[in-house]
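The values are calculated or read from the model by the stated rules, or taken from the named source; none is laboratory data. Values in this document were obtained by computation on a predicted structure and should not be read as measured data. Every residue, glycine among them, receives a Cβ derived from its backbone with ideal geometry; neighbour counts consider all protein chains shown. Accessible surface areas use protein heavy atoms only, side chains included; no ligands, DNA or RNA. Shrake-Rupley method; radii C 1.70, N 1.55, O 1.52, S 1.80 Å.
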Amino acid sequence: CTLTISKLVQILLSQHHIRLLPFRDLRQRDTLLKKVKPCTLRRSVEITCEAREAYNKRCEEAQHDIDSSGNVLKQRPIIVAASVESYGAYLADGSEYSGIYGEAVSLETLKEFHRRRLKILAESGADLIAFETIPNKVAAQAYVELLEEEDIEVPAWFAFYSKDDINVVVIL
């Protein structure tokens, strides 16, 4: 079981696209929140941690730094990041890049949307939480407040989207 960097990255990126709320009809949101089981999200992190363990074990067992296929087997620190997608990615309308969600979406709306997913990911065994494609200040504020309100102690990184390679966030 040789894990190349590209395979490991694919595992990490695939977790980003697991949706707790897979439907675009927002009227169904409350019903879905009660029915959807968190096992898929949690399992995605577990699989990634298992892949890391398999890679580390293979490196420890290797007698040489290169296996018979030419793969480099140097043990490197591998960090598992659990990814929190933007609200706009759920909407699937391109707003994950613009940050324009409409007037009905407030700070509280964003916090409630992300609260369950963040709690699941924080308890999943990931080394850190990755808040990615943050398009605006309100989304960043929602994430910071959620980390504090839920007393999440898992380290986090914030990655902002730049709409024009100059401005980092849109102020709504």
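Suppose R0 equals 25 Å; then what is the FRET efficiency for Arg76 and Thr40 from their Cβ-Cβ distance, rounded to the nearest 0.05?
0.35
Could you please state how large a percent of the accessible area of segment 91-172 is carbon and sulfur, counting protein chains only and using a 1.4 Å probe?
The value for segment 91-172 is 53 percent carbon and sulfur by accessible area.
Indicate the gyration tensor shape class of segment 118-172 (rounded, prolate or oblate), computed on the Cα atoms with a ≥ b ≥ c the square roots of the eigenvalues: a/c under 1.5 is rounded; otherwise a/b larger than b/c is prolate and the rest oblate.
Taking the square roots of the gyration eigenvalues as a ≥ b ≥ c, segment 118-172 is prolate.
Run the reach check for Lys137 against aspartates and glutamates, Cα to Cα strictly under 14 Å, same-chain hits fewer than 8 apart removed. What comes back?
Hits, sequence-local ones excluded: Glu96, Glu108, Glu145.
Heavy atoms of the protein only, probe of 1.4 Å, neighbouring chains included. What is the accessible area of Tyr161 in Å², nearest 10?
The accessible area comes out at roughly 70 Å².
Using 0.36 nm per residue, how much length does the chain from Ala159 to Arg116 gain when fully extended, once their Cα-Cα distance is taken away?
13.4 nm
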